[in-house]
Amino acid sequence: MGLPRADALIEDLSPLRRRVLARSPSPAPDLDAAAGWLAGLPDSVFASRSLKGRGRRTLIQPRGGFARYEEQKQLMLALKAGGADFIPLTIDSHTRQNDYETAAILLQRSEVEDRNLLNGYPLVNHGYLVSRGLSEGLERPISLRHGTPDARLLVEIALAAGITEIEGGALTYTLPYTKAHSLAEAVLNWQYVDRLCAMHSTPERPIHRESFGVLTATLVPPVLVAVVELCELLLAAEQGVTSFAVSFAQTGSLAQDLALGRVLREASADYLSRLGLGPVCLHLVYHQWMGAFPRDATRALALIAGAAQIAGMIGADKIVTKTKDEAIGIPTAHNNAEAVQLVRYILDRSSVGAPLTSAHADEEAHRIRRGLDAIMTAIFDLPPRTFWRSVAMAFDRGLIDIPFSPHQANANQLVSRRGRDDGIYIEQPGRVPLPGDVLAGEAAGLAARHDTGNTASTFSTLMRDINLMVA
Amino acid sequence: MGLPRADALIEDLSPLRRRVLARSPSPAPDLDAAAGWLAGLPDSVFASRSLKGRGRRTLIQPRGGFARYEEQKQLMLALKAGGADFIPLTIDSHTRQNDYETAAILLQRSEVEDRNLLNGYPLVNHGYLVSRGLSEGLERPISLRHGTPDARLLVEIALAAGITEIEGGALTYTLPYTKAHSLAEAVLNWQYVDRLCAMHSTPERPIHRESFGVLTATLVPPVLVAVVELCELLLAAEQGVTSFAVSFAQTGSLAQDLALGRVLREASADYLSRLGLGPVCLHLVYHQWMGAFPRDATRALALIAGAAQIAGMIGADKIVTKTKDEAIGIPTAHNNAEAVQLVRYILDRSSVGAPLTSAHADEEAHRIRRGLDAIMTAIFDLPPRTFWRSVAMAFDRGLIDIPFSPHQANANQLVSRRGRDDGIYIEQPGRVPLPGDVLAGEAAGLAARHDTGNTASTFSTLMRDINLMVA
Amino acid sequence: MTSGRNTIGTVVIGVIGNDIHVVANRILEMSLQSAGFEVLNLGTNVKPDEFADAALEVGAEAVLIGSLNGEAPHWCHGLKARFAARGLDHVKLYLGGNVVTGELPRDEVEAMFTRVGIDRVFYGTTDFDALTKTLRKDMDGTAAR
Amino acid sequence: MTSGRNTIGTVVIGVIGNDIHVVANRILEMSLQSAGFEVLNLGTNVKPDEFADAALEVGAEAVLIGSLNGEAPHWCHGLKARFAARGLDHVKLYLGGNVVTGELPRDEVEAMFTRVGIDRVFYGTTDFDALTKTLRKDMDGTAAR
Ligand code: B12
Ligand code: B12
């Protein structure tokens, strides 16, 4: 029995921090460099404050990262000019795997050859001193977006550089992003990150943590998104984080989007209060379609506009945007800013006041919540006495099973596909402990698929499901 | 007291028809030319059958009309290739005002100078024989879209040419489209049209009639759209029309769109059955944003995509589309077909099964219905003994009062502007007989406007309201 | 319309031809009135002779013609002559709106209409505040003449 | 993976570098298996030497390399040499996915990789049925050699 508890908090991080910082290929900040630097920054660069002061506006955050400092800076200014409320700092894939060496080589070649040989900004190689310049004149919070199971050094440097929003978490940055990184280790490493963020928070200006409920963006059933989001929220709350956003990506079904948004908000508050954790200032982030994108620019823009409208309908605190270049490659700064403008245009005309619902959405919400509660109870009831160990065990035992995770320890026994109104439904639960009535509801959702009805999944329906927005 | 009644049906139209047909500048069809021609056409060109057989698909109809036959034919084929379910035949503005002479001059000049000098297809001048060729190889119904208060000759020719969907009505094609045409006359002329359509209907293949709830597309309060739609439905049902669509245009507020769609469907069925009219096969048509359009192509496309998503959410039977050229001029066939494809792309991914709602939408629907019932009762209670006379009197007395109508007899005493979530609310009802609680609800909607709150309307808020989608 | 005393001039406005787009026309009326002009608004569907007759009747110094639906090229042809026939050569003719179909170069559009006697052409989106200023200047000119 | 008898050939597949995009990799595995190939799927994050070692171990006739995240140009450099070092010159090297960033002319992209020893380049959307046919033909060639 391992319930999340406030006294799971790591007491003294300093010895560990010294060891982590020693590995930095760029000049390492000392232990209180970040605190001092953050204290001198204006409120306008604090993500937690932007979120708190948003009123009824859904805030906008694009994605984007370039190898070289100057190019990244230009991108950031272009995005600001386009109306972005949060400015992204997306990290390259080598840094995400802690392969600073390859990143260094490609950064150097990018500089010498005057072209971009990395798919993101190698923050660890650039270092905190150089990167402090990024937020100068920005007057917007910078968000660290990566996909790194061991992000301890990366986050040390990010905080010292004045970055106030840290995305990720043990599950969401391991299961979609790594093949072999031990989840138990990832949990410990993210406890470090959470604790570090909490340590650098003040009551007025907390460092904001955000989960990445997108996961693999491919046929992940809403109930599993909810479980993963709740686990990361509770792990962060254990370490004293006081500003946190749960998130999810457009599912492809409006009813499921409405339902999942509602369940995430309600369940987050419920679990925290029931477990005596917090107070945490909670937010909801919506990622527009994260799966395979249409190549056609007009369709891509339509998809982006449609997602913006849904973000308005669910009253998301923030939407994370894509661009019309998504299917093709790293977007230009211009097209990235264009998408931001477009999303603002639609959002400004999509507020709904009261939350929308429907009989189907209500049913989906009810089922997601029942499933979530069942799985969380099963996780809490696992043998370990600490919550973090239970989370790791839940994954090992297949209670958490994410479709299309590249991770070699993922159970891969859960099978999902699209059903009613293109919603994602569970065909085979594997070892995920879902009650019978929930499974019956999932089966009903599958049976209502409009093209094939309740036939077993085939290769061609799988392709259609993955390419929902492409064809 | 003038309730709509089945025995209001015009018995013998023939003498009148002969007089109308005699005015044709092109060779006039004889009295049963249309019936014979329609009987020989395949089911695929009957609008009523497409609508009935649509399943859960929202059908798509673009707009478009060119002066010359060949150009119009090419447009129609391009729209078919783009995936349109209905093919439009939009009539030029001179023909709409029965100014066949100017239309003839400009048609001839268009042919000689090889360019387009009309903003639509002058069907009366082309005549029915030539125009029969339009539907050849089309396998889709053609929809007559015009804006003609006296459309008797136009519709005679349309039916003889094999056109099976006739848009318009006494109120919707007079109040936004004319300055001086007597409404009483328009009602009589549209009774002729309705009767003519009913006469050419068979039980399996009725001629479809569709109202134009768009009206002036400028700050028309939902309750007045509902009143006008109900009046035209009832007038058509009196004349034996058995396939009818009520319609409305995107209001700018999602809650009002959801509410108005629901009220229109429910009230249409209720009134028909309560009055013992019908059976009428009822449909709901959604016009995407009909007010001032953004000039920027990306925004225009986003607006089009967003409207398509809403059409899916309200489960419209049909959506009538715009193009990214809207703010600039008559769209090219290519851009018109592009919009159709885009709308199909979004619609195919926007079905919701059960109708969506929210506390606000419920409240809006309740208020629209209460207002509608109050106004309809007031109309029924007017002195005349026939419904059609009551409708004309309702307009004369300002019970029906349409903002921005160019008609000189329009009362212009009702003042509306945008309030909560950009919905349209009534600030001054003029002589429109709305109950106190409804007016209180409207005032509350105004008070919740996010920028100005409950300040009186000014010139600058008016401009903002009109340009909601432009800026 | 009554010919007031404190006005800075009298103008006729309307939408030409078989055109029923009235939104800009209503707004233009409000703008001109609040700028101090005496306005006779003929509304929509106004034929060339009606503009000329009205200008004669109220002694207008300028006529502001709107055209939104693409008919302007047709109706503006010969318009100036109708004013001349009534001895109204001095009346300024303004034209504004979607005066052509599609996007054309501004100077091309202006030339197209000044050629047939329109004094000022406002192609597309127009700032009505700026418009009233221009109008005031033009009228001062007319009065001085 | 067990080396079956009724297969038409053995191939190694995987996603190269620090790349974790696994969706196409899973689908490719299913496609190849259902076409009758024996497949060793190394999954994601596969370094050049691992490909070569695996090919040696199972006696693969072809190695199908996926790259989705833009790293291909980096990792394919020197790849052929690792195979040569193990005496695996005859093993066909296939590369597919988002092998470069942005849209480039197809022949340019192909030249870029054939230059460093890749036998076949599949740039962008790939029909896996057509792919298996090509593979089968290539393998017949290898077997005959
Ligand atoms: C609302 C609307 C309608 C409503 C009109 C309701 C009403 N009674 O007013 C309805 C739906 C009924 C309608 C009908 C038609 N419409 Co319409 N309509 C529009 C729309 C969407 C908005 C117009 C509007 O109100 N804008 C808001 C006002 C404030 O802006 P504005 O009118 O552009 O005016 C600005 C300037 O033009 C200028 N201006 C205007 N007037 C004047 C006058 C002077 C003196 C000056 C100096 C400046 C000036 O200043 C204003 C402020 O910047 C436009 C497209 C668009 N713009 O998005 C099409 C549009 C004007 N319509 C068009 C057409 C063709 C028609 C129809 C013929 C139908 C058809 N074939 O599609 C019929 C008209 C029938 C007829 N007899 O005329 C075309 C015109 C094409 C062209 N010029 O090349 C347009 C551009 C749409 C399109 N792309 O096809 N329409
Ligand atoms: C889903 C997705 C993700 C998921 C992946 C989940 C998972 N574990 O698989 C998540 C969200 C985790 C993710 C992360 C990242 N992603 Co990603 N992702 C996508 C996305 C949206 C869809 C990919 C997909 O699954 N498609 C469906 C499958 C069926 O299609 P496919 O992969 O394209 O495969 C087809 C062909 O490429 C080809 N093919 C593929 N493999 C092979 C192999 C062989 C042998 C052959 C012959 C053919 C072939 O055939 C397939 C069928 O046609 C694409 C953009 C897009 N396409 O829309 C970006 C995209 C691939 N990602 C991209 C990037 C950069 C990243 C990140 C680095 C983050 C970042 N900086 O933005 C990280 C990766 C970190 C890392 N270590 O690699 C870029 C790559 C840029 C480039 N190549 O220039 C893309 C193009 C998006 C973009 N425009 O920025 N991503």
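On the rotation that sends chain D to chain C, the chain D Cβ lying closest to the axis gives residue and distance in whole Å as D:GLU103, 14. Going from the fewest other Cβ atoms within 10 Å to the most, the residues B:ILE105, B:ILE304 appear in the order B:ILE105, B:ILE304. The residue among B:ASN125, B:ALA170, B:SER110 whose Cα reaches farthest toward the positive pole of the charge dipole of the range B:64-171, with charges on the beta-carbon of Lys, Arg, Asp and Glu, is B:ALA170. Remark: chain D is approximated by an ellipsoid whose semi-axes, taken from the C-alpha gyration tensor as √(5λ), come to 22, 17, 15 Å, largest first. Shielding value for B:342-351 is 5, the average number of Cβ atoms from other chains within 10 Å of each residue's Cβ. In this Cβ point-charge picture (+1 for Lys and Arg, -1 for Asp and Glu), the protein assembly as shown has a dipole of about 380 debye about its Cα centre. Applying 1/(1 + (r/R0)^6) with R0 = 22 Å to the Cβ-Cβ distance of B:ASN467 and B:ASN335 gives a FRET efficiency near 0.50. Remark: mean inter-chain Cβ contacts per residue of B:21-31 equal 0, using a 10 Å Cβ-Cβ cutoff to other protein chain atoms. For the range B:408-454, the residue among B:PRO429, B:ALA440, B:ASN412 whose Cα projects farthest onto the positive side of the dipole built from Cβ charges is B:ASN412. Between identical copies, the spacing of B:LEU9 label points, each set 7 Å from Cα toward the C-beta atom, reads 8.3 nm from nearest to farthest. A simple spin-label model places the labels of A:ALA409 and B:VAL415 7.0 nm from each other, with each point 7 Å out along Cα-to-Cβ. Counting only other chain Cβ atoms within 10 Å of each residue's Cβ, the peptide B:382-391 averages 0.
In a reduced charge model with +1 at each Lys and Arg Cβ and -1 at each Asp and Glu Cβ, the range A:51-190 shows a dipole moment near 640 debye about its Cα centre. At most 11 other Cβ atoms within 10 Å plus a DSSP loop assignment makes a site exposed; report the longest stretch of chain B without any exposed GluC sites (Glu not before Pro). Longest site-free region, per DSSP loop and neighbour criteria: B:205-471. The value of relative contact order for the range A:1-146, using C-alpha pairs under 8 Å at least six residues apart, is 30 percent.
The Rg/Rh ratio of the protein assembly as shown, with Rg taken over Cα atoms and Rh as the Kirkwood radius over Cα pairs, comes to 1.02.
Rounded to 0.05, the FRET efficiency of the A:ALA35 and A:ASP381 pair, given R0 = 35 Å and the Cβ-Cβ distance, is 0.35.
Mean residue ellipticity, 222 nm, helices only, chain D: the sum of -39500 (n - 2.57) across DSSP H runs of n ≥ 4, divided by residue count and rounded to 500, is -12500 deg cm²/dmol. Residue by residue, the range A:15-24 carries 3J(HN,Hα) couplings of x, 4, 4, 4, 5, 4, 5, 5, 7, 5 Hz when phi is fed to the Karplus relation 6.51 cos²θ - 1.76 cosθ + 1.60 (θ = phi - 60°); x denotes Gly or Pro. Put the Cα centre of the range A:164-210 next to the Cα centre of the range B:251-267 and the gap is 45 Å. Note on B:LYS324: aspartates and glutamates with a C-alpha under 19 Å away, same-chain residues under 8 apart excluded, are A:ASP296, A:GLU338, B:ASP296, B:GLU338, C:GLU103. Structural size metrics of the range B:6-348, computed from C-alpha coordinates, are Rg and Dmax of 18.5, 57 Å. In percent, what relative contact order does chain A have, based on Cα pairs under 8 Å that are 6 or more apart in sequence? Across chain A, relative contact order equals 18 percent. Each principal axis of the Cα cloud of the range A:339-397 was evaluated for its coordinate range; sorted largest first, these ranges are 51, 31, 18 Å. Think of each Lys and Arg Cβ as +1 and each Asp and Glu Cβ as -1; about the Cα centre, that makes the dipole of the range A:195-322 roughly 220 debye.
State the answer as a single residue: which of B:PRO88, B:PRO203, B:GLY315 lies farthest towards the positive end of the charge dipole of the range B:6-348, with beta carbon charges of +1 for Lys and Arg and -1 for Asp and Glu, about the Cα centre. Projecting each Cα onto the dipole axis, the largest value belongs to B:GLY315. Work out the FRET efficiency for D:ARG106 and B:GLU139 from their Cβ-Cβ distance, taking R0 = 41 Å, and round it to the nearest 0.05. E(calc), rounded to 0.05, equals 0.60. The angle between the Cα long axis of helix D:23-34 and the longest principal axis of the Cα atoms of chain D comes to about 30 degrees, rounded to the nearest 10. Across the cross-link table entries B:LYS322/C:LYS92; A:LYS318/B:LYS318; B:LYS179/C:LYS92; A:LYS318/B:LYS52; B:LYS179/C:LYS137; D:LYS47/D:LYS133, which are compared at the Cα atoms, the separations over 30 Å belong to B:LYS322/C:LYS92; A:LYS318/B:LYS318; A:LYS318/B:LYS52; B:LYS179/C:LYS137. Phi-derived couplings, Karplus 6.51 cos²θ - 1.76 cosθ + 1.60 at θ = phi - 60°, listed residue by residue for the range A:55-68: x, 9, 6, 7, 7, 10, 10, x, 10, x, x, 10, 4, 8 Hz, with x used for Gly and Pro. If both residues of a DSSP beta bridge must be in chain A, then about 15% of such bridges are antiparallel.
Add +1 for every Lys or Arg and -1 for every Asp or Glu among the other residues with Cβ under 13 Å from the Cβ of C:LEU42, and state the total. Neighbour charge sum, excluding C:LEU42 itself: -3. Rounded to the nearest 500, the helix-only mean residue ellipticity at 222 nm of chain B stands at -13500 deg cm²/dmol, with each DSSP H run of n ≥ 4 adding -39,500 (n - 2.57).
Spatial offset of the range B:357-433 relative to the range A:13-75 amounts to 56 Å, using the alpha carbon center of each. Placing a label point 7 Å from Cα along the Cα-to-Cβ axis, B:VAL415 is separated from the same position in the other copies by 6.7 nm, shortest listed first. With its label point put 7 Å out from Cα toward Cβ, D:HIS77 sits 6.9 nm from the same residue's point in the other copies, in order from shortest.
The residues neighbouring A:TRP190, those whose beta-carbon lies less than 13 Å from its own, together hold a net charge of -4 under the Lys/Arg +1, Asp/Glu -1 convention.
No value in this document is a laboratory result; all are computed from the given coordinates. Fair warning: this is a prediction, and the values are worked out from it, not measured in the lab. Reconstructed Cβ throughout: ideal geometry from the backbone, glycine too, with neighbour counts over all protein chains shown.
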